[in-house]
Amino acid sequence: MDTMGVASLLTQSYGASPMPDDPSSPNGGTRSPSASADGSIEASLDRIHGVLADLARTTGREHDRAVHRERVIDRLHDENQRLRHNELQSAFEPVRTSLYRLYDLVRRESERETADPAHVPKLLAAIADELAEIIARTGVERMPVDEGDPFDPARHRPAGTRDVDDVELDGTVVTVQRTGFVRGEKVVRRAEVIVARMAADPAGGD
């Protein structure tokens, strides 16, 4: 006899459907609503604890990464500072060489027992040339300005005027009192010049 037949026979023998389990039984029956709520809360708390634990682990890893990044940044900054220092020292070396030569020149002249007055202008010109060479090693060169050049306010700074009788010289450079300097095409210091100006006609003249 199969299982379904046995169940049908038992039903017919007792004349009633099987009764549900007694809810009051300690070993069976449906759980009470309060017990179900407690179980749900406990499960939720377990899930929250798990999420917090994962978050703590993630935060710890991010902190470790941040510390590592800071160390890398600090190391790169130190290396960059050393590199810039070395480059700066290399750039200064040609300037130092010229200064050494200028120092030797001035020192040698200062040790002369007798000074030749005629030699002083040549000495000062030599010092000026040495200084100009030092400046040139920094990327700035003397700006050529000749007498007779048209006055250019972008390149020349007027230090005064001088009357002239030749109309063709009006507004031109007469003398250069202070040298100008350029860096490439850019004027970094204008030359200080005396500018020619046509002399005014005397009062009552023809």
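The values are calculated or read from the model by the stated rules, or taken from the named source; none is laboratory data. Note that this is a predicted model, so its numbers are computed, not measured. A quick note on method: Cβ atoms are made from the backbone with ideal geometry, for glycine too, and the neighbour counts reach across all protein chains shown.
Looking at 127, 135 in this structure, which one is of a type outside the set (Lys, Arg), touching a residue at least 40 places away in the same chain (Cβ under 8 Å) and within 24 Å of residue 189 (Cα to Cα)? Lay out the reasoning, then the answer.
Values: 127 fails: touching a residue at least 40 places away in the same chain (Cβ under 8 Å).
After applying the criteria, what remains is 135.
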*asked:* I need a count of the residues in region 180-195 that are touching a strand residue (DSSP E or B) at 6+ places or on another chain (Cβ under 6 Å) and in a strand (DSSP E or B).
replied: 10
_Given (1) among the polar types (S, T, N, Q); (2) under 46 Å from the mean Cα position of the chain (by Cα); (3) surrounded by fewer than 12 Cβ atoms within 10 Å (Cβ to Cβ), index of the condition residue 114 fails_ = (2)
_When you scan region 142-153, do you find a residue that is more than 28 Å from the chain's Cα centre (by Cα), at positive phi and in contact (Cβ under 8 Å) with a residue 24 or more places away in the chain, even just one?_
yes
*Go through region 126-179 residue by residue and tally those that are under 30 Å from residue 107 (Cα atoms), assigned to a strand (DSSP E or B) and not aliphatic (A, V, I, L, M).*
4
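Determine whether residue 200 is without any contact (Cβ under 8 Å) to a residue 40 or more places away in the chain, surrounded by fewer than 13 Cβ atoms within 10 Å (Cβ to Cβ) and under 34 Å from the mean Cα position of the chain (by Cα).
Values: without any contact (Cβ under 8 Å) to a residue 40 or more places away in the chain: yes; surrounded by fewer than 13 Cβ atoms within 10 Å (Cβ to Cβ): yes; under 34 Å from the mean Cα position of the chain (by Cα): no.
Judged against the criteria, residue 200 is not a match.
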*Just name the residue that is surrounded by the fewest Cβ atoms within 10 Å (Cβ to Cβ) out of those in region 144-158 that are under 24 Å from residue 200 (Cβ atoms) and modelled with pLDDT under 95.*
148
*Under 8 Å by Cβ, and 6 or more places apart or on different chains, what pairs join a residue from region 86-97 that is closer than 12 Å to residue 138 by Cβ with one that is of a type in the set (Lys, Arg) and outside any helix (DSSP H, G or I)?*
94/137; 95/137
